[in-house]
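Novice: Handing you this structure, nothing more for now.
The values are calculated or read from the model by the stated rules, or taken from the named source; none is laboratory data. Worth saying up front: this structure is predicted, and the values here are computed from it rather than measured. Quick reminder, even Gly has a Cβ in these numbers, built from the backbone with ideal geometry, and neighbours come from all protein chains shown. The protein model used for the area step is the full one, side chains on, heavy atoms only, and it has no ligands, DNA or RNA in it. Shrake-Rupley method; radii C 1.70, N 1.55, O 1.52, S 1.80 Å.
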Amino acid sequence: MISRRTFNSKITKGAGGLALASNLPFACAMDGQQKKKKLGMALVGLGSYSTYQLAPALLDTEHCYLAGIVTGTPEKEKVWSSKYNITEEHIYNYDNFDSIKNDPAIDIVYVVLPNSMHADFCIRAAQAGKHVVCEKPMAMNVEECDAIIDACKKANVKLGMGYRLHSEPYTQEIKRFVKEKTFGDIRYIAADAGYYSGSNPGQWRLNKKLSGGGALVNMGVYAIQSVIYGTGENPVSVSAQEFSTRPEYFKDTDETITAQFEFASGVVGNIMTSHNIGANRLFASCERGWFELDPASTYIPLAGRTSQGVLNFEQESQQKLQMDDFASHILYGTPNLAPGEMGKRDMMIVEAIYRSITENGKKQLLNFESGYGFAGNE
Ligand code: NAD
């Protein structure tokens, strides 16, 4: 068993490390800010994901740390400032957020708000000159994704998605299988991502104005991601169906959706996403065997098997790995594992799935203009 960090620290001492180290002076010369050893991150929105995953992970990160908070709930300021030692000048609310541009302690703004607020805060963060991490789904629609990407380009700041799995060792192993054709060509790829949402009809995830959609935008993006990095290809078409068994509960948003993908290579793809069915799996049937992750997108621990045996990697906080990878991208020019273009591509697929459903399952062709053919295996 070998963790990716152990592996990285080993190669840093060896020849691979020389290659990485040789990037350093270049990266440092690019921008005074990049000379900092650790980048300061501000979390915007202190809900459950920030509270239980991101903030604790930021205590362990190597390349970034929690330097500020942005909250609409004044009672949280005291709790967070004492827990994470954040002084008053680094605490913002939604109204005075733009003054964060004058705060040199903040390098990265991580937007962890309901989906309807992603575009507004990502754009304002970019305009304040801060690098941006945007939670999934990227925004309410493709138009908003474009606006975020444009704002970051204009401000010359980096943009990353909160797609933590790209930094996670089981997912990276799947990408390796695909790239190296370990099991030959892939013929069928399936991904399920759903959970039983119980009985809390007041939650923002079931309110379309705040969420932009139901299971598909919340969990479906994991299934979409899985079939793409599980094949190394973007799909060329999608057809979809919606199922509703509790319309009295899911009044405003989709409950369960299935969708079938075609890929140029001939791979057949199938996803299921639901707010009413628990499922969390990626499965690929290949020319010479199969591979599977189950669970495939929970925080920890993921688990995996192949036709050759069981996968076994050391578990580390995915959020820690993800935030470190993004900070390292800024500091050292390492690859951006989940750029904004990837979030936009997924939103294009989400829109095509909804379109197919309104057109009774009609096949929708997907055309990713150049620059959006990012299959996530680079
Ligand atoms: P949450 O409901 O726990 O927290 C939402 C936060 O937004 C709260 O602090 C709340 O006060 C604030 N907020 C501001 N305006 C609001 C409004 N009008 N209605 C409701 N809340 C409002 O949600 P969460 O689970 O922390 O999710 C936040 C974002 O993070 C979402 O985009 C979600 O998709 C994403 N997320 C990603 C992952 C992942 O694994 N990458 C996991 C969980 C959540």
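Novice: So which pairs qualify, if the first residue must be in the range 35-57 and closer than 20 Å to Asp98 by Cβ, the second must be open to solvent by 50 Å² or more (accessible area, probe 1.4 Å) and within 11 Å of the ligand (Cβ to nearest atom), the Cβ gap must be under 9 Å, and the two must be at least 6 apart or on different chains?
Specialist: Sorted first by the residue in the range 35-57, then by its partner, the pairs are Val44/Tyr94; Val44/Met117; Gly45/Met117; Leu46/Lys76.
Novice: Let me ask something else about it. Have a look at Gly68, Gly40 and point out the one that is within 16 Å of the ligand (Cβ to nearest atom), among the small types (Gly, Ala, Ser) and at pLDDT 95 or above. Write out each step before concluding.
Specialist: Values: Gly40 fails: within 16 Å of the ligand (Cβ to nearest atom).
Only one candidate passes the filter, namely Gly68.
Novice: Give the range 94-153 a look and list any residue that's among the hydroxyl-bearing types (Ser, Thr, Tyr) and out of contact with any Ser or Thr (no Cβ under 9 Å at 6 or more places or on another chain), or say none. I'd like the intermediate steps shown before the answer.
Specialist: Initial filter on the range 94-153 (among the hydroxyl-bearing types (Ser, Thr, Tyr)): 94, 99, 110, 116.
Scanning the range 94-153 gives a single hit, Ser99.
Novice: Among the listed residues Pro104, Pro74, Pro56, identify the single one that is within 15 Å of the ligand (Cβ to nearest atom), touching a helix residue (DSSP H, G or I) at 6+ places or on another chain (Cβ under 9 Å) and either on the phi > 0 side of the Ramachandran plot or open to solvent by 30 Å² or more (accessible area, probe 1.4 Å) (or both). Steps first, please.
Specialist: Working: Pro104 fails: within 15 Å of the ligand (Cβ to nearest atom); Pro74 fails: touching a helix residue (DSSP H, G or I) at 6+ places or on another chain (Cβ under 9 Å).
Only one candidate passes the filter, namely Pro56.
Novice: From the set of residues in the range 85-101 that are touching a residue at least 24 places away in the same chain (Cβ under 8 Å) and within 15 Å of the ligand (Cβ to nearest atom), which is least open to solvent (accessible area, probe 1.4 Å)?
Specialist: Of everything passing the filter in the range 85-101, Phe97 is least open to solvent (accessible area, probe 1.4 Å).
Conditions (1) outside any helix (DSSP H, G or I); (2) out of contact with any Cys (no Cβ under 9 Å at 6 or more places or on another chain); (3) under 25 Å from Cys64 (Cα atoms), marked per residue:
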{"position": "Val133", "(1), (2), (3)": "yes, no, yes"}
{"position": "Ile149", "(1), (2), (3)": "no, yes, yes"}
{"position": "Lys154", "(1), (2), (3)": "no, yes, yes"}
{"position": "Val157", "(1), (2), (3)": "yes, yes, yes"}
{"position": "His166", "(1), (2), (3)": "no, yes, yes"}
{"position": "Ile174", "(1), (2), (3)": "no, yes, no"}
{"position": "Phe177", "(1), (2), (3)": "no, no, no"}
{"position": "Ile189", "(1), (2), (3)": "yes, yes, no"}
{"position": "Asp192", "(1), (2), (3)": "yes, yes, no"}
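Novice: Given the condition open to solvent by 50 Å² or more (accessible area, probe 1.4 Å) and of a type in the set (Gly, Ala, Ser), answer yes or no: does some residue in the range 37-51 qualify? Reasoning before the result, please.
Specialist: As a first pass, look at the range 37-51 and keep what is open to solvent by 50 Å² or more (accessible area, probe 1.4 Å): 37-38, 48.
Subset that is of a type in the set (Gly, Ala, Ser): 48.
Within the range 37-51, one or more residues are open to solvent by 50 Å² or more (accessible area, probe 1.4 Å) and of a type in the set (Gly, Ala, Ser).
Novice: May I ask you to list the residues in the range 315-347 that are outside any loop (DSSP other than H, G, I, E, B), within 16 Å of the ligand (Cβ to nearest atom) and in contact with a strand residue (DSSP E or B) (Cβ under 9 Å, 6 or more places away or on another chain)?
Specialist: Narrowing the range 315-347 to residues outside any loop (DSSP other than H, G, I, E, B): 318-332, 339-347.
If we keep only those that are within 16 Å of the ligand (Cβ to nearest atom) as well, we get 318-326, 339-340, 342-344, 346-347.
Passing the criteria: Gln322, Met323, Asp324, Asp325, Phe326, Pro339, Gly340, Met342, Gly343, Asp346.
Novice: Out of all the residues in the range 238-290, which are over 15 Å from Ile357 (Cβ atoms), open to solvent by 60 Å² or more (accessible area, probe 1.4 Å) and of a type in the set (S, T, N, Q)?
Specialist: Thr245, Ser265
Novice: Let me ask another. Restricting to the range 295-321, and then to whatever is open to solvent by 40 Å² or more (accessible area, probe 1.4 Å) and within 26 Å of Thr253 (Cβ to Cβ), can you tell me which residue is modelled with the highest pLDDT?
Specialist: Thr298
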